[in-house]
Each structure stands twice: as structure tokens, then as C-alpha cells.
1. Against the conditions (1) farther than 30 Å from R205 by Cβ; (2) out of contact with any strand residue (DSSP E or B) (no Cβ under 9 Å at 6 or more places or on another chain); (3) of a type in the set (D, E), where does E351 fall short? Just the number, please.
2. Would you tally the residues in segment 257-279 being of a type in the set (A, V, I, L, M), assigned to a strand (DSSP E or B) and surrounded by fewer than 20 Cβ atoms within 10 Å (Cβ to Cβ)?
3. Which residues, counting only those in segment 249-299, are among the acidic types (D, E) and farther than 16 Å from D119 by Cβ?
4. Q304 is checked against (1) in contact with a helix residue (DSSP H, G or I) (Cβ under 7 Å, 6 or more places away or on another chain); (2) buried (at least 21 other Cβ atoms within 10 Å of the Cβ); (3) not in a loop (DSSP other than H, G, I, E, B) and fails just one. What number does that condition carry?
5. If I filter segment 199-220 for residues that are at pLDDT 95 or above, under 15 Å from the mean Cα position of the chain (by Cα) and surrounded by fewer than 21 Cβ atoms within 10 Å (Cβ to Cβ), do I get at least one hit?
6. Please return the ranges of helices (runs of 4 or more DSSP H) entirely within segment 159-252 where 3 or more residues are of a type in the set (D, E, K, R).
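The values are calculated or read from the model by the stated rules, or taken from the named source; none is laboratory data. A quick note: this is a predicted structure, and the numbers were derived from the prediction, not measured. Cβ coordinates were reconstructed from backbone atoms using ideal geometry, including for glycine residues, and neighbour counts include every protein chain displayed.
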Amino acid sequence: MTKIGKPARFGARFSKITGAVATYIMTLTLLTLTLTMASNAQATTEVNIYSYRQPYLIEPLLKEFTADTGIKTNIIFAKKGLIERMNAEGRNSPADILLTTDIGRLTGAKSKGITAALDDAAINAEIPASYRDAEGHWFGLTRRGRIVFASRDRVSDNSISYEDLADPKWRGRICVRSAHHVYNIALIASMIAHHGEAQAEKWLRGLKENLARKPSGNDRAQIKGVYSGECDLAIGNTYYMAKMQLNEKKPEQKKWAASVKLLFPNAENRGTHVNISGMALAKHAPNRESAVKLMRFLSGDKAQKIYASVNHEYPVRDNVPLSKLIASWGDLKADTLALGDIAKYRKLASELVDKVGFNSGPNS
Ligand code: FE
């Protein structure tokens, strides 16, 4: 696998260079990267990937893919701006594949018109319809549950629902990151999809009143809040449990993980809200045939098993065994509502967040 540049680091490297010079250098560098990719792309035995997913997560998969097929992979990784970049590059874009997390980014790529529709029998047979775009513009590869991390010491409940989170019994006891974060927007959108706008708004107001503090920090910061006693429940994504449990660089996070139990909301009824990481075929993919081979490979048995063990995420298919660690957390019964339908309410979710003033915190 060839890593062609890391645009995400340009920001830091060039932050001290101001104005036109920085713009010039950035433009030149990006142009060089693009040309390198474009020239590499001439052989049909290559595939160019624009990835929001970190290299360490996908390198093991790409290695296997190349070993199996002989197709070389080139990857550009960035935390931001890849969709915008594909859009700006237009038909000259060297990108064949977009790899990303979150339904918001996948549907956003489709609405920007940078993805191609694909109706592939092999992929359709592997990936459940609820994790695929109805028109074939994207599909999911892994799932993550948005769950409740509850204090082992202070919470006796062993089950919970999202609806319960608005119950006054949790007044001043819940920590959650900004409601405008894509993870929470998808969760709120799913509440709208299930209950309608008015009920979802009422719920969001109730949840806001139950906050222990003004939303800030990432998912792990909320779980740390449970550890430190600031809150009793935190909302976060499942894989953060593994990131804390296995964190040798910051071993204090193992204590945060040990202080919580995982509650999978709505396990007794409609199931837990999940989001996906997924992929899309680029509209102007210069190596379409190789790209589709990669898409099939990542949907297949071998790749799905690797995903389960390396990423600490749930495979998108139910028939793939979970890693031991994930299996130890308990069963994920996923909400079966199609993610494409949930995504339709993202904009409304964002408006509700502002309307109720969620991010101003409780009593505001
Ligand atoms: Fe995350």
C-alpha cells in the first residue's frame, strides 16, 4: 500500500506561514499529490482511496486485498476535507473510493454528487439493505452502537432505553458531548424517525434538563466524567470501551473503563441505535473495475472478520463472529430502521438542538 501524503497534517505544518505563501505551497503540494495519484492510476491494477478512516485501521485489510488480487492500493488519509476535495477535483479526481465513518458523511457525499450508483449482486447479497443506500451510492462496512456507559457503583439499572434518558430520575446525572456532533445528530434523527418531531423535541428537552454539565469534550471525556463522579450515565460509541480497556499509552483510561457497565438502549424493544463506517464508489473513478473488487472484498467474509478484530466495531453482517472483547460486552440488538431513512432527519435534528438550546447545558 502506498500512502500518498497526509493532507491532515498540512494544517499544523503550515499554520505559521501566512497568507498567499501558505496558499501557494498548499496548492502546489496538493497538485503534486493529485498528479502522483493520477499517474499511478493509469494501470488498472491499482485503486485510489480517499480515507477519513485512520490508516492503522484499514492497512491490514488492504494488505490482504493486495495479496488476494494483486491490485495495489494508494491511500490519502485526512481527518477533514476529502469530500470537498473530490468535489473540487471533479472529473479529474484520481479518487476511486471514499472510506468514511458516519451516515451523515456518506449521505453528504451522495448529495454533493461525487458518488456513483452501484448495483452489484455480490455486495447486495452480503450487506443488509438497512445499511445500504436505496440507490446504491454507499454501503456500511462496520457498525457501532451508541450506548449508555453507566456507573457500576451508582447505577443499579441493568437495562435502559433512550426514552428513559429524559426521565426526571436522571436529573443532573447524564454526560454527553455536543449534540451537534455527527454521532448525536444521527441519534436524535433516529428519535425523530421513531417518534415524530414533537415527541423528539420533548425528549431532547428532558435529556437536556438531566445533563450534569454543559456538553463538552469527546465521548471518552463523558465516560471519564462517570469515573470522576461528575455524572452517572454517559452516552458514547461502543468501540471507545475497547480504546480505553486496551490503552497502554494512557493507562489511566483503563480505570475509566472499569468504572462503567455497558447498557445497550432499547435492547428489549426496537433495538439500539447504530451508526456505520462505510464506503462509496467515486463518480469519476478512473479504476472502477478494481474499485468494485475492493468493495466486494471489504464486504466479504475475510475482511469482515478482520474488521471485527482490529477495529473493535461490529461487522455490518450478523453472520460474522465477533471479536472476543466485543462479545464480552453483551449482545448488540440493532435498530432495524434503515440508516438512509434516519439520515433524512439529520437537518431537523440539528434545528431541534438549537431550538431547545441543548448545548447551553441544563437550567439554561
Ligand atoms: Fe469516534
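1. Of everything listed in (1) farther than 30 Å from R205 by Cβ; (2) out of contact with any strand residue (DSSP E or B) (no Cβ under 9 Å at 6 or more places or on another chain); (3) of a type in the set (D, E), E351 misses just condition (1).
2. Pass one, segment 257-279, residues of a type in the set (A, V, I, L, M): 257-258, 260, 262-263, 267, 274, 276, 279.
Add one more test, that the residue is assigned to a strand (DSSP E or B), and what stays is 260, 262-263, 274, 276, 279.
Adding the requirement that they be surrounded by fewer than 20 Cβ atoms within 10 Å (Cβ to Cβ) leaves 262.
Total satisfying the criteria: 1.
3. Answer for segment 249-299, where residues must be among the acidic types (D, E) and farther than 16 Å from D119 by Cβ: E252, E268.
4. Going through (1) in contact with a helix residue (DSSP H, G or I) (Cβ under 7 Å, 6 or more places away or on another chain); (2) buried (at least 21 other Cβ atoms within 10 Å of the Cβ); (3) not in a loop (DSSP other than H, G, I, E, B) one by one, Q304 breaks only (1).
5. yes
6. Here the list reads 197-209, 219-228.
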